[in-house]
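Single-structure report; data block below.
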């Protein structure tokens, strides 16, 4: 008997609109900040709708500039379901690239690493499959938004 090899299939992409970061100052592990999530879009194919104006990314920025990403937000689908998303991951890269990202510049996503693992949850029976599916994600940071591609682990 052989252990199955997981495969990935693209489920949807989110464009998440962000407000200005709220700086908390130094914490136990690094610089702390909260970045409010104020809207956006879910662009399919499996989930389409809007990113709701609630939630945030609670970040820890380490001495080397790497960021621990810890987000919680929700999507309201075009057919009325509400899906909670909890997304945990990391963003790191060369110091000069991270400085450009922090300054709001467009940066080639191949020059830094931004990956997450997501848990989705809903009470809507039409989307019950998300309650039992693992997702891994790749993202890019824009000046006032993040784009994240969600892949189902099959």
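Test of understanding: among 14, 54, which residue is surrounded by fewer than 17 Cβ atoms within 10 Å (Cβ to Cβ) and within 27 Å of residue 127 (Cβ to Cβ)?
Step by step, each of 14, 54 is checked, and only 54 is surrounded by fewer than 17 Cβ atoms within 10 Å (Cβ to Cβ) and within 27 Å of residue 127 (Cβ to Cβ).
From the list 130, 136, pick out the single residue that is in contact with a strand residue (DSSP E or B) (Cβ under 6 Å, 6 or more places away or on another chain), at pLDDT 95 or above and not in a strand (DSSP E or B).
It is 130.
Residue-by-condition table, conditions (1) closer than 23 Å to residue 32 by Cβ; (2) in a loop (DSSP other than H, G, I, E, B); (3) out of contact with any helix residue (DSSP H, G or I) (no Cβ under 7 Å at 6 or more places or on another chain); (4) modelled with pLDDT of 95 or more:
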{"site": "58", "(1), (2), (3), (4)": "yes, no, yes, yes"}
{"site": "85", "(1), (2), (3), (4)": "yes, no, yes, yes"}
{"site": "91", "(1), (2), (3), (4)": "yes, no, yes, yes"}
{"site": "120", "(1), (2), (3), (4)": "no, no, no, yes"}
{"site": "148", "(1), (2), (3), (4)": "yes, no, yes, yes"}
{"site": "151", "(1), (2), (3), (4)": "no, no, yes, yes"}
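For every residue, the table says whether it meets (1) at positive phi; (2) exposed (fewer than 13 other Cβ atoms within 10 Å of the Cβ); (3) without any contact (Cβ under 8 Å) to a residue 12 or more places away in the chain.
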position: 79; (1), (2), (3): no, yes, no
position: 92; (1), (2), (3): no, no, no
position: 100; (1), (2), (3): no, no, yes
position: 110; (1), (2), (3): no, yes, yes
position: 122; (1), (2), (3): no, no, no
position: 132; (1), (2), (3): no, yes, yes
position: 148; (1), (2), (3): no, no, no
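In the stretch 1-51, which strands (runs of 3 or more DSSP E) lie fully inside it and hold 3 or more residues that are within 21 Å of residue 102 (Cβ to Cβ)?
8-18, 22-26, 31-45
The values are calculated or read from the model by the stated rules, or taken from the named source; none is laboratory data. From a predicted model like this one, the values you see are computed outputs, not experimental measurements. Note: ideal-geometry Cβ built from the backbone for every residue, glycine included; neighbour counts use all protein chains shown.
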